[in-house]
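Okay, structure first, notes after.
The values are calculated or read from the model by the stated rules, or taken from the named source; none is laboratory data. As the structure is a prediction and not an experimental result, all values here were calculated from the model. Because the Cβ atoms are built from the backbone with ideal geometry, glycine has one as well, and the counts that use them run over all protein chains shown. Side chains are part of the model used for accessible areas, which takes the heavy atoms of the whole protein and leaves out ligands, DNA and RNA. Shrake-Rupley method; radii C 1.70, N 1.55, O 1.52, S 1.80 Å.
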Amino acid sequence: MYAIIGGSGLAKLSALQKQRRRVMRSPYGEPSGALTFGQLAGREVVFLARHGYGHTIAPHEINYRANVWALKELGVQGVFSVATVGGVRADLGPGTLVVPDQIIDYTHSRKNTFFEGAEARVTHIDFTLPYSARLRAALLEAARAAGEPIVDGATYACTQGPRLETAAEIERIAGDGGDLVGMTGMPEAALAREAGLEYAALGVVVNHAAGRGESRQQVKLEDLENVMRQTVTRAVRILEQAVQGEP
Ligand code: HPA
């Protein structure tokens, strides 16, 4: 079974038919909300709203470990994560859909591993290629099938938030090789790898990052909602196709 983790603009997956919910607890605390099961374009999937169903959990407050643990416990094999992002690279403007292939992690003070504490052995995971090549390919193929333009490959820079970045921070991220900036990609992707879950992300660009393009002077937050709504609808069309393949 596939899981879909929805971010801002995707707190409910209304395309999901015959929904039923299950509240779960984990050794790490509670997931962001109940897990919602249902059929997406005829395929059984489980959906989780990363920020909670009422969008009340800030990026640094999300219990990423509980979320990933719950999906693993349910026997999920593949995870598609939808995340709204700012575009750092000039060609990644609002409305662009991207399947990133790399990550730079600027977050701090987040619980970022399952392998800690008295009983856990110190364990290192390989994270050279942080996303599943197979699920990335599935998203790209699904986009083609859905007739949605999509960008193959970008480096996702994960910042701590919840504030947006300064223009200088975005300059630094660009210099580091970051193409997109978001607040929730980590430690989610690393925990999925630790748990042995295949994981890929679908980035929904909703604004030019701070200091770039239309955001030269400020990021106009009031404009984001509209772009988000339209682009997330396109993202869901891609997911409907993507879940048709083997999880
Ligand atoms: N920065 C960080 N996270 C984001 C942004 C941004 O500009 N836009 C959407 N999520």
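Numbers below:
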{"item": "Segment 2-245 - percent of accessible surface contributed by carbon and sulfur, probe 1.4 Å", "result": "49 percent"}
{"item": "Using θ = phi - 60° and Karplus 6.51 cos²θ - 1.76 cosθ + 1.60, couplings along segment 147-161 (whole Hz; Gly, Pro as x)", "result": "x, 9, x, 8, 9, 9, x, 5, 9, 8, 9, 9, 9, 6, x"}
{"item": "Size of electric dipole in the chain: Cβ of Lys, Arg +1 and of Asp, Glu -1, about Cα centre, debye, nearest 20", "result": "720 debye"}
{"item": "Low-density loop positions, trypsin sites (Lys or Arg not before Pro), segment 74-130 - DSSP coil, at most 10 other Cβ in 10 Å", "result": "R121"}
{"item": "Cut-off under 5 Å, modelled amide H: who pairs with I104 long-range", "result": "Y156, A157, C158"}
{"item": "Hydrodynamic radius (Kirkwood) for segment 117-222, which is based on Cα pairs only, to one decimal in Å", "result": "15.9 Å"}
{"item": "Projected label distance in nm at Q244 and A137, using a 7 Å step from Cα toward the beta-carbon", "result": "1.8 nm"}
{"item": "Long-range amide H partners of T96 with built H, under 5 Å", "result": "V205"}
{"item": "Charge tally in the Cβ shell below 14 Å around M24, where Lys, Arg are +1 and Asp, Glu are -1, M24 excluded", "result": "+4"}
{"item": "Share antiparallel - DSSP beta bridges, the chain, percent rounded to 5", "result": "35 percent"}
{"item": "Of the DSSP H helices in the chain, those whose Cα atoms cover at least 30 Å axially and whose Kyte score averages -1.0 or more", "result": "221-242"}
{"item": "Hull-based mean projected area of the chain, where the convex hull spans the alpha carbons, in square nanometres", "result": "12.4 nm²"}
